[in-house]
Amino acid sequence: MGHKAGNRTVRAVRAAAWLAIGGQLAFIASWIVAGALEPRYSDVHDYVSELGAKSAAHPWIVNTGIAVLGLSIAVLGPALVPTLRRPLSRMSLAALFVIAGVATGLDSVFRLDCMTSELHPCAVAERAGTLSGAHYTHGWLAFGAEIALAATPFVLARALWRRLLSLSLIQGGVFGLAVGFAGILVHDSTPHGLTQRVELGVLHLWVILIAGALLLWARAARTGPVTLGDAVDRFSVDVYWRQFGFFLRWPRLVSALSRLQWGGSARPFFASLAALRRLPPGATVVDAPCRSGAWLGLAPGQDVRYLAIDPSDERLAWVRRLGAQRGLDQLELVRADPAALPVDDASADLVVSYWGLHWVPDPATAVRELARCVKPGGAVIGSMVCSGTSLRQRILVHPGTGGFGPTGSVGDLRRWLEGAGLAGVEIETSGPFAYFRATAPTASPAAAGETAALSTGRA
């Protein structure tokens, strides 16, 4: 919000988050216990709500769990209000959680007349028209609660529109809907209890993730104004950098996740990391901004001068820590704007800029700076997220580009590189990613070819 949240608000949000987590676990425990006590009940073949039917042995156990579950979902609604900025989105989101929670809680009141696993008694009662209105209301309330919860990822994505998190929310929402529809399609060919528990598991996970995000917000709100998106972004970046070394040891996994999240491959990036180890002794590398972690491709003790430049003190602190862990004492950390690099003209054998240009307010100027630093015959390599790709990629990338600068198209990137005086411009696209390489003009084409080969892993 625009002001620091009061201690009372922070405590209330934290309490609601823990209640939400506890409610999911309490409900799961209730059907496990009740199922173990119910004669001839199967977790695989029978519905959870059957354990709360009037004909069940211990209906109070599951009905208590359902009531607690409903309360734990409903409290998320008001808890989310102080964490979001957009009034319409936050009120809509709050309403959906309250509706889902109330509908769930009412299911403990509107109980099934009989366990549907007792197929004959229930079928006879249905044909005779003796099933109560509560029996049918139970199913409609459960359906309404699921629909309300299924809508929440999309409403939250709208509230956090143009953040990277919004893209994940949309993808998660689509996954949840796919699980729900799959459950309907295979209803008659799979065990009912198993199908329902998979669907419930997805909903439980979603509620727990929301509660976790609220806990992150409560922790961050103690120090200053913050939104839910800010808190989650900070946590995500922190985790990303803490695990960066691990990710780089699994290039295939990262490439698979990149394709899933963005629809583009990260393999060209990893190819360049391997090529760094083949740079000639005494080579100078400029990496701006250095947040991609390309410097992790260096070998400890490698005779290379590596200028790691970034405008963020926080990013540089992580570079320093990870570099020390890897024994990369050749790193020279510099805090500077990529559009105004404190580097001499024509002083670098290789200039690197992976995953950074789309964050820069003026990428054209940043490209000119990168080109200014490279020696004749030296190479400039990197990547950026580009706009103006396929319709699928525009839909995929658009929600999550709010933190980016004025990202250009592939054509813009080519014009920037050529306009900066670079030659031999090559751009390889993969989804929204544009991987580029170019060389500074030289009177010796052979030297240029050798450096370019080293920089791209083709030597």
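Any idea how many residues of region 144-184 are aromatic (Phe, Trp, Tyr) and in contact with a Ser or Thr (Cβ under 9 Å, 6 or more places away or on another chain)? Result for region 144-184: 1. Just one of (1) in contact (Cβ under 8 Å) with a residue 40 or more places away in the chain; (2) touching a Pro at 6+ places or on another chain (Cβ under 8 Å); (3) outside any strand (DSSP E or B) fails for Ser383. It is (3). For Gly264, the test of being at pLDDT below 85, in contact with a strand residue (DSSP E or B) (Cβ under 7 Å, 6 or more places away or on another chain) and not polar (S, T, N, Q) is passed.
Taking each residue of region 82-107 that is touching a residue at least 24 places away in the same chain (Cβ under 8 Å) and looking for partners that are of a type in the set (D, E, K, R) with beta-carbon atoms closer than 7 Å, six or more apart or interchain, yields Leu84/Arg90; Ser89/Arg158. Close Cβ contacts (under 6 Å, 6 or more residues apart or on different chains) running from residues in region 1-25 that are under 22 Å from Leu205 (Cα atoms) and in the same structural domain as Arg86 (by TED's automatic domain parsing) to residues that are modelled with pLDDT of 90 or more and not in a helix (DSSP H, G or I) comprise Ala16/Val75; Leu19/Val75. Among the residues of region 1-53, write down those that are among the small types (Gly, Ala, Ser) and part of a loop (DSSP other than H, G, I, E, B). Correct list: Gly2, Ala5, Gly6, Ser42, Ala53.
Screening the candidates Ala95, Ala26, Ala17 for the property of being at pLDDT 95 or above, more than 17 Å from His138 (Cβ to Cβ) and buried (at least 24 other Cβ atoms within 10 Å of the Cβ) yields one hit, Ala17. Of the candidates Leu422, Leu333, the single residue that is surrounded by 21 or more Cβ atoms within 10 Å (Cβ to Cβ) and at pLDDT 90 or above is Leu422. All told, Arg372 falls short of being farther than 19 Å from Arg437 by Cα and either in contact with a Pro (Cβ under 8 Å, 6 or more places away or on another chain) or surrounded by fewer than 21 Cβ atoms within 10 Å (Cβ to Cβ) (or both). So which residues in region 277-313 are among the charged types (D, E, K, R), at pLDDT below 90 and under 15 Å from Gly356 (Cα atoms), if there are any at all? Within region 277-313, Arg291 is the sole residue that qualifies.
The values are calculated or read from the model by the stated rules, or taken from the named source; none is laboratory data. All values reported here derive from a predicted model rather than from experimental measurement. No Cβ is skipped: glycine too gets one built from the backbone with ideal geometry, and neighbour counts run over all protein chains shown.
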